[in-house]
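Novice: Please see the structure below; I have some questions.
Throughout, read-outs are computed from the coordinates displayed, never taken from laboratory work. Quick caveat: nothing in here was measured; it's all calculated off a predicted structure. Here the Cβ positions follow ideal geometry from the backbone for every residue, glycine too, while neighbour counts run over all protein chains shown.
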Amino acid sequence: MSKKPSGKISDIYGKYRQSENERLILQDSLDNLKEEFNRLREPPLVGAIFIDYLGKDKDRAIIMSSTGPIFVVNVSNNLKGTKLERGMIVALNERTFAIMETLPLTIEELKKVKEFYF
């Protein structure tokens with residue numbers, strides 16, 4: 001015949017399970033906050049106009065920055081398989097000028113925005 005745990009042990013075990021569930025929820029929240037913090041610490045992106053790929057590998061490209069100069073830059077591995085077309089607006093890493101993502105603007109829309117605000 002097995003003994004049932006006393007009420008005190010059962011209460012302690014229940015509190016332990018509740019604490020463990022709360023710990024898991026807090027750990028998940030902490031992980032999400034760390035991820036968001038790291039995302040916000042990333043350097044800002046600079047806009048540019050994609051002109052053309054340089055070479056067959058499509059890992060380098062010619063772009064014109066929003067301030068006018070033309071640069072040869074690297075294309076992020078995250079964009080492999082993404083077809084960049086002449087005139088697309090792209091976002092560059094501020095430090096390396098590597099193309100990080102495409103932006104949903106066309107050159108005409110960018111011109112309108114510049115005219116409106118400047």
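Novice: For region 67-91, how many residues are out of contact with any Leu (no Cβ under 6 Å at 6 or more places or on another chain) and touching a residue at least 24 places away in the same chain (Cβ under 8 Å)?
Specialist: Total meeting the criteria: 11.
Novice: Could I ask something else about it? Any residue at all in region 40-56 that is in contact (Cβ under 8 Å) with a residue 12 or more places away in the chain, over 14 Å from the mean Cα position of the chain (by Cα) and not in a strand (DSSP E or B)?
Specialist: Within region 40-56 (the criterion being in contact (Cβ under 8 Å) with a residue 12 or more places away in the chain, over 14 Å from the mean Cα position of the chain (by Cα) and not in a strand (DSSP E or B)), the answer is yes, since at least one residue qualifies.
Novice: Within region 36-54, take every residue that is in contact with a Lys or Arg (Cβ under 8 Å, 6 or more places away or on another chain) and surrounded by fewer than 15 Cβ atoms within 10 Å (Cβ to Cβ) and give me the one that is farthest from Ala91 (Cα to Cα).
Specialist: The selected residue is Asp52.
Novice: Give region 2-39 a look and list any residue that's closer than 30 Å to Glu101 by Cβ and either hydroxyl-bearing (Ser, Thr, Tyr) or assigned to a strand (DSSP E or B) (or both), or say none. Even if it seems obvious, please write down each step before you answer.
Specialist: So the first thing to find is which residues in region 2-39 are closer than 30 Å to Glu101 by Cβ, and the list is 28-39.
Ser29 - this is the single residue of region 2-39 that is closer than 30 Å to Glu101 by Cβ and either hydroxyl-bearing (Ser, Thr, Tyr) or assigned to a strand (DSSP E or B) (or both).
Novice: Restricting to region 73-89, name every residue that is closer than 13 Å to Tyr53 by Cα and among the β-branched types (Val, Ile, Thr).
Specialist: Selection gives Val73, Val75, Thr82.
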